[in-house]
Amino acid sequence: MNIQLMQIRWFDYWLKGIDNGTAREPAVRYFVMGSGTWKSAETWPPPNVHLTTFYLAGEGDAHLPEGSGALLAEPRTNEPPDTFTHDPFDPVPTPWDTAYFYNVSDRRRLDYRNDILRYRTAPLEEDVEVVGNPEVVLYASSSAVDTDFFVRLVDDDPGGAAMEVCYGMVRARHRNGLDSEDLLIPGEVTRFHVRMGITSCCFRKGHRIRLDICSSDFPNHDRNHGTGRDDLLDAETVIAEQKVFHSPKYPSSLILPVSREADS
C-alpha cells in the first residue's frame, strides 16, 4: 500500500474534483502489525470485533521479569496484591525515541527494573488479532494522595523480544475527568479505567500477550510528584508504595477488542 499515493488520490478528488473512485472506496484502511497485511472496513473499529477480557493474576511477584503475573480467562481467589515502589527521582525511562514513530520499542531494555508489573497469557494456541482501543480496569491503591498508572500492551515473542504495541495512562487526581480533581485516600483501593491508544496487531501463535503496569514514563510524561500539588510549581516529591489487586472482589482486567476474522 502506497500511503503517499492514497493521499494524492484523496486530494485529487476533494480539491481538484477528479472522480478517481476515492469516495466509493472503504472508509477505513488499516495495517495489521504482526501479519503485515492491509485491511479495509466501513467503520472503526470494524464490525467483526468483539471484546475479550483477561483477568490479572499472580502470587505477588509480578514485579520480577520472570514472576508469576498472568492473564487468565477467570479471576483467581485468595491472591496477594502485587506491589512496587514509585520513586520520582528514579522514574521508569521512556523506552523509545523518535525512531518509535517508525519502529516498535523492545521492552527488554527495562527488564532490570522491579517497579514494573508484568502479566502474560500462556503461549497462544492460535493467532489473536487485536483491532481498536485496548482498555484496562485497574483496582489499585497508593500511599500517596496522587500518582500515575501507565499500562502497556506488549507482544512477547518466543525468541525473547518484547515489542510494545500501544499504551495508556491515568493521573489519579483526574481519574473522573480532566474537569475535576479527586485526590486519593492513601491505602484505599480505587478503581481506575485506562483506555490505550488505537492499534491493530496480530499476536501470532506461540507468542504471549503481555500487560505492563508502572507509575512513570519519563521524559515522555513528566513525573508525578505525589503531593497532590502542581508538579510545575512544587519541588517536593513523595515516594509512593503502589498495590495492584486482582481477585473476584477487585477484578483488575485487560479488555481487548479481538477481530473474529482471526478466529476463523
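We did not get these values from a lab; they are worked out from the coordinates using the rules stated. These numbers were taken from a predicted model, which means no experiment stands behind them. Heads up, the Cβs are rebuilt from the backbone with ideal geometry, glycines too, and the neighbour counts pull from every protein chain shown.
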Original post:
Which order results if Leu71, Leu233 are arranged by neighbouring Cβ count within 10 Å, fewest first?
Top reply: Leu233, Leu71
Subject >> Cut-off 12 Å between beta-carbons: net charge of the residues surrounding Asn2, Lys and Arg +1, Asp and Glu -1 >> reply: +2
**OP:** Check the straight Cα-Cα distances from Lys243 and name the lysines below 19 Å, setting aside those fewer than 8 residues away within the same chain.
**Re:** none
Original post:
What 222 nm value per residue comes from the helices of the chain, counting each DSSP H run with n ≥ 4 as -39,500 (n - 2.57) and dividing by all residues, nearest 500 deg cm²/dmol?
Top reply: -1500 deg cm²/dmol
Subject >> For segment 39-86, alpha-carbon Rg relative to the globular expectation (2.2 N^0.38 Å, N residues) >> reply: 1.73
Subject >> Answer label, with Cα extents along the principal axes in Å calculated from the coordinates and candidates (1) 95, 52, 30; (2) 65, 30, 28; (3) 62, 46, 32 >> reply: (3)
**OP:** Express the relative contact order of the chain as a whole percentage, based on alpha carbon pairs under 8 Å and six or more residues apart in sequence.
**Re:** 28 percent
Original post:
Going by alpha carbons, how many degrees (0 to 90, nearest 10) lie between the helix axis of 3-16 and the longest principal axis of the chain?
Top reply: 60 degrees
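How long is the gain from Arg24 to Tyr112 if the chain were fully straight, where each residue apart is worth 0.36 nm and the alpha carbon distance is subtracted?
In short, 26.5 nm is gained.
So which GluC sites (Glu not before Pro) in segment 53-143 are both in a DSSP loop and have at most 16 other Cβ atoms within 10 Å of their Cβ? The partial results should precede the final answer.
Numbers: sites: Glu59, Glu66, Glu125, Glu126, Glu129, Glu135; in loops: Glu59, Glu66, Glu125, Glu126.
Qualifying residues, ordered by number: Glu59, Glu66, Glu125, Glu126.
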**OP:** Excluding residues on the same chain fewer than 8 positions from Lys205, give the aspartates and glutamates whose Cα lies under 17 Å from its Cα.
**Re:** Glu125, Glu126, Asp127, Glu129, Asp155, Asp156, Asp157, Glu261, Asp263
Subject >> For segment 146-189: rounded, prolate or oblate by the Cα gyration tensor [a/c cutoff 1.5] >> reply: prolate
Original post:
How many nm is it between the label spots at Thr43 and Asn78, if each spot is 7 Å from the Cα in line with the beta carbon?
Top reply: 4.5 nm
